[in-house]
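Here the structure is laid out as structure tokens; the discussion comes afterwards.
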Amino acid sequence: MIRFLSLAMFLVLASVTGCAPGNGTDKVASDKITVWHWMTDREETFNELAEKYKALTGTDVQFELYAPTDAYSEKIKGAAQTQMLPDVFGILADKRVISSFIKAGHVLNLDPYMDMDNGRWKKAFYAKALNVNRFMLGNEFEVVPGIYAAPLDVMNIQMIYNKDLFKKAGLDPENPPRNWAEFLDTGNKLHAAGIQGMVSGWGEIWMIDCLASNYAYNIMGEKKFIDTIKGKVSYADQDWIDVFTVFKDMRDNNLLANGIVTMVNKHAEQMFANQRAALAFNGSWCVNVYYGMNPDLNYGVMLPPAYSNKYPMKIWGGAGASLMVNARSKNRDKVVEFLKWFTAKDQQAYLANKTRNLPANKESLGEISPVLVRFVDDMDSVTHPNNLNVSEFPKVIEARDKGIQSIVIGEKTPEEVALDVQAVKIREMGKAQK
Amino acid sequence: MKNGSQTQILMLENRSLRSFRNNMEHRKAKKIFTNYLFVLPAVLLFCTFHLYPFVNVFRYSLFQWDGIVPFSSAQFVGLAHFKDIFTANPQWWYSMWHAFYITLLTLIFQNGLALLLALTCDRAIKGAKAYRMIFFLPPVLSGIVVGLIWQWIYDGNYGLLNYWLTNIGLGHLSRAWLADPNTSLTCVGIVHMWKGFGWGFIILLAGLQSIPRELYEAAKVDGAGAWDTFRRVTVPLMVPVFVLVTILTILNTMQIYDLIVSLTGGGPGYHTEVPITRILAAMRGGSRLGYACALGIVFGLMLLVVSFIQIQASKLAKQE
């Protein structure tokens, strides 16, 4: 009886304690470096590089990749609470969330390492890729200034167009639309030829936010955009109404594919790769995705045509994925050494070629494919909300993007959406002041 | 002398009785202790995985906390989250209405169909076993897979539904079914009913088969027709089963999530948002864990009230 009870107790305790993640490295120093990330599509390449590193240094690097991204994000938060974060991890979130991780002491400030040897490591990266991970002096999150992650790759989000379908609709595939009028005309010509317009993952609202931010920069400039976030400019301002009108114009001129508002990006990518839509609003990662779906796809890349001539057109971009070092890891220095190697020229070129993504290390640019070079050319036009020292309330972002969905389905006017968003903004500011 | 030995005997008897009692009590205590030890693993698991999180949800709901910084630095806000939910969160109440709408559709159409099919299969028809298996197939499929399949059917550009409509001359009705605010919620409801009617079917069929056949024979002898037999024999005896199916349908449908994610993601706009998607939006999108916990409590209490009303109503129906 006693044996049986002891066994039962042991099983219970084992099952309870077994629920804790066993591979976190907050407390224990070991020869193994553990990396958590969400990029499951790069597992093979990551493992190949890990093997190379082991052969070179004898240090074991273990990549643990988790999908979907939502589940990964929750895993990271849970690990942070239980102090079980691995040596290296990525955070898939806005700057407000990243700042919480930093303030809780989970992320190492890489400034001292970046500045070593006359800033050699820092200088290897695109400045815009580093900016996404940089907290400036006086940031609203009250984070100690510094660079808190090493970028693994860079990306930007642009308009992709199918050259064959453009030709079919009587459009010149070598001269895509350059201004707003031409862009609207393109929509009508595609519609007349029975071809669907633009597809994008607008069911995942962040992609709507991305295009809306592009046009906000173009219509009102960065300063006014930031002033809106700070609450100094109202969303009911005419410039914001113009931003919302961009989407109404696109809808009215048949630029948007049927059902775009509930479309997930994977579906949008399938439609574009299968030549069922002539335009796609997608990130530079699409080169790899389209290649996997249809290697013969004949497409070009263009900046979204500007709506206004007041300010230059900007596109979302910067660091695609970044790696953070656990500030509590006993392997800190070893981990930083690995990251330096991992983001060095040769490894970056290898990763870029194998996964068809843009490298974060600018020294490895010469070795990437021509189609990716087209994306790189527009890196100067890149901006990202994480580059700013301020961040919009999540509820306001949701109201803005859901409001745009309402415009696209013809339910609300740009003016109505502007007022709705401003009402949410006022409410959120009131709460924050309390 | 005689009295002394009698007293001695009595004392001995008392002592052995006491020792016997002590022994019995000891055995009883040991038995109780052993029983509790057997229950202990289950109690420990229950406390760890149910009670502790349950209590913590209440605790977190009183704090402004993002789930990342240590809880010790979370800000106590009292009932502010609850006040916000009841006074300044219209999206939450829209989402409740959407879940209620799908629940209403499900209660009427899904359970109606389930009852009809259960009545059919209850009779000795050819291939009844095969039908039972076929009807139970949709519930065992993953919600995400079902959602993706139906997405192909509803697709506005290359969907099967639009194709069929065009083929039968109703092409003017074609649309992006899931992106149209007039149809999106009902379309989600239809998929939910398709996926869920098998559960109701199985439970209702089990209920029907537990009704003694003699009652039907007696009703027949008394000259009752099919409708009268259904109304006066089947329905009264099936009330507990109807209650069970109704409660399960309400609880299951109000918590609809996977189909929403795979079909519409809550869009267009807020048109297919349901309580669970709003709770997750608060937790993931905004990192407002405390607020998400408060939403969860409000939602849980509402389900509790609905279930309570349902049980009381069924008791009344039984008495009648």
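The values are calculated or read from the model by the stated rules, or taken from the named source; none is laboratory data. Since the model is a prediction, treat every value here as computed from it, not as a measurement. Quick reminder, even Gly has a Cβ in these numbers, built from the backbone with ideal geometry, and neighbours come from all protein chains shown.
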The residue from A:V97, A:V12 that alone is at pLDDT 55 or above, within 10 Å of chain B (Cβ to nearest Cβ) and either out of contact with any strand residue (DSSP E or B) (no Cβ under 9 Å at 6 or more places or on another chain) or closer than 18 Å to A:Y148 by Cβ (or both) is A:V97
By residue number, the members of the stretch A:192-210 that are modelled with pLDDT of 95 or more and in a helix (DSSP H, G or I) are A:A192
Residue hits (the stretch B:266-320; more than 9 Å from chain A (Cβ to nearest Cβ) and polar (S, T, N, Q)) are B:T277, B:S307, B:Q310, B:Q312, B:S314, B:Q319
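What about A:K223, is it modelled with pLDDT of 95 or more, surrounded by fewer than 22 Cβ atoms within 10 Å (Cβ to Cβ) and part of a helix (DSSP H, G or I)?
Working: modelled with pLDDT of 95 or more: no; surrounded by fewer than 22 Cβ atoms within 10 Å (Cβ to Cβ): yes; part of a helix (DSSP H, G or I): yes.
It is false that A:K223 is modelled with pLDDT of 95 or more, surrounded by fewer than 22 Cβ atoms within 10 Å (Cβ to Cβ) and part of a helix (DSSP H, G or I).
Going by what's in this entry, would A:V382 be described as outside the structural domain of A:D41 (by TED's automatic domain parsing) and at pLDDT 80 or above?
Working: outside the structural domain of A:D41 (by TED's automatic domain parsing): yes; at pLDDT 80 or above: yes.
For A:V382, the condition - outside the structural domain of A:D41 (by TED's automatic domain parsing) and at pLDDT 80 or above - is met.
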Note on A:N331: of the conditions (1) in contact with an Asp or Glu (Cβ under 9 Å, 6 or more places away or on another chain); (2) at pLDDT 90 or above, unmet is (2)
Residue pairs within 6 Å by beta carbon, gap of at least six or interchain, first lying in the stretch B:140-157 and touching a residue at least 24 places away in the same chain (Cβ under 8 Å) and more than 12 Å from chain A (Cβ to nearest Cβ), second surrounded by fewer than 21 Cβ atoms within 10 Å (Cβ to Cβ) and charged (D, E, K, R), listed first then second, are B:G143/B:D258
Output for Cβ contacts, cut-off 9 Å, separation at least six or different chains, first residue at positive phi in the stretch B:10-28, second exposed (fewer than 10 other Cβ atoms within 10 Å of the Cβ), reads none
Those residues of the stretch A:279-316 which are aliphatic (A, V, I, L, M), buried (at least 22 other Cβ atoms within 10 Å of the Cβ) and closer than 25 Å to A:T245 by Cβ amount to A:L279, A:A280, A:I315
Filtering the stretch A:230-247 down to residues that are at pLDDT 95 or above and part of a helix (DSSP H, G or I) yields A:Q238, A:D239, A:W240, A:I241, A:D242, A:V243, A:F244, A:T245, A:V246, A:F247
* Asked: Any residue in the stretch A:369-381 that is out of contact with any Lys or Arg (no Cβ under 6 Å at 6 or more places or on another chain), within 14 Å of another protein chain (Cβ to nearest Cβ), over 30 Å from A:I147 (Cβ atoms) and part of a helix (DSSP H, G or I)?
  -> no
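Collect the residues in the stretch B:45-76 that are surrounded by 18 or more Cβ atoms within 10 Å (Cβ to Cβ) and within 20 Å of A:F141 (Cβ to Cβ), keeping them in residue-number order.
Just the residues of the stretch B:45-76 that are surrounded by 18 or more Cβ atoms within 10 Å (Cβ to Cβ), to begin with: B:60-63, B:65-69, B:74.
Once the filter is applied, which keeps residues that are surrounded by 18 or more Cβ atoms within 10 Å (Cβ to Cβ) and within 20 Å of A:F141 (Cβ to Cβ), the stretch B:45-76 yields B:F63, B:W65, B:D66, B:G67, B:I68, B:V69, B:A74.
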Just one listed residue, out of B:V221, B:V239, is surrounded by 15 or more Cβ atoms within 10 Å (Cβ to Cβ) and of a type outside the set (S, T, Y), and it is B:V239
For the structure I just gave you, tell me whether B:G265 is touching an Asp or Glu at 6+ places or on another chain (Cβ under 8 Å), within 17 Å of A:P394 (Cβ to Cβ) and surrounded by fewer than 21 Cβ atoms within 10 Å (Cβ to Cβ). no
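Yes/no matrix, rows are residues, columns are (1) assigned by TED's automatic domain parsing to the domain that holds A:Y290; (2) without any contact (Cβ under 8 Å) to a residue 60 or more places away in the chain; (3) closer than 26 Å to A:V376 by Cβ; (4) in a strand (DSSP E or B):
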{"residue": "A:M116", "(1), (2), (3), (4)": "no, yes, no, no"}
{"residue": "A:G119", "(1), (2), (3), (4)": "no, yes, yes, no"}
{"residue": "A:L130", "(1), (2), (3), (4)": "no, no, yes, no"}
{"residue": "A:E140", "(1), (2), (3), (4)": "no, no, no, no"}
{"residue": "A:F166", "(1), (2), (3), (4)": "yes, no, yes, no"}
Of those in the stretch B:64-84 that are more than 10 Å from every other protein chain (Cβ to nearest Cβ), within 29 Å of the chain's Cα centre (by Cα) and not aliphatic (A, V, I, L, M), the residue nearest to A:G78 (Cα to Cα) is B:H81
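This table checks each residue for (1) outside the structural domain of A:T59 (by TED's automatic domain parsing); (2) among the hydrophobic types (A, V, I, L, M, F, W, C); (3) at positive phi; (4) surrounded by fewer than 18 Cβ atoms within 10 Å (Cβ to Cβ).
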site: A:M324; (1), (2), (3), (4): no, yes, no, no
site: A:A352; (1), (2), (3), (4): yes, yes, no, no
site: A:V376; (1), (2), (3), (4): yes, yes, no, yes
site: A:K395; (1), (2), (3), (4): yes, no, no, no
site: A:D401; (1), (2), (3), (4): yes, no, no, no
site: A:I407; (1), (2), (3), (4): yes, yes, no, no
site: A:A418; (1), (2), (3), (4): yes, yes, no, no
site: A:A423; (1), (2), (3), (4): yes, yes, no, yes
site: A:M429; (1), (2), (3), (4): yes, yes, no, yes
Over the stretch B:32-82, the set of residues closer than 24 Å to B:M283 by Cβ, among the aromatic types (F, W, Y) and in a helix (DSSP H, G or I) is B:F49, B:Y52, B:F54, B:F58, B:Y60, B:F71, B:F82
The stretch A:248-335: strands (runs of 3 or more DSSP E) wholly inside it with 1 or more residues that are over 19 Å from B:A176 (Cα atoms), touching a Leu at 6+ places or on another chain (Cβ under 8 Å) and in contact (Cβ under 8 Å) with a residue 12 or more places away in the chain are A:277-283, A:315-319, A:322-325
Quick count over the stretch A:74-91, residues being in a loop (DSSP other than H, G, I, E, B) and either within 9 Å of chain B (Cβ to nearest Cβ) or in contact with a strand residue (DSSP E or B) (Cβ under 9 Å, 6 or more places away or on another chain) (or both), is 5
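If you check B:I276, B:I311, which single one turns out to be exposed (fewer than 14 other Cβ atoms within 10 Å of the Cβ) and over 22 Å from B:F71 (Cβ atoms)?
Working: B:I276 fails: exposed (fewer than 14 other Cβ atoms within 10 Å of the Cβ).
Step by step, each of B:I276, B:I311 is checked, and only B:I311 is exposed (fewer than 14 other Cβ atoms within 10 Å of the Cβ) and over 22 Å from B:F71 (Cβ atoms).
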With the first residue restricted to the stretch B:29-57 and required to be within 10 Å of chain A (Cβ to nearest Cβ), and the second required to be assigned to a helix (DSSP H, G or I), Cβ contacts under 6 Å at 6 or more apart or on different chains are B:L37/A:L5; B:P41/A:A8; B:P41/A:V12; B:L44/A:V12; B:T48/A:V16
So, first residue within 14 Å of chain B (Cβ to nearest Cβ) in the stretch A:51-73, second residue surrounded by fewer than 16 Cβ atoms within 10 Å (Cβ to Cβ) and of a type in the set (S, T, N, Q), Cβ within less than 7 Å, six or more apart or across chains; the pairs are A:A67/A:T40
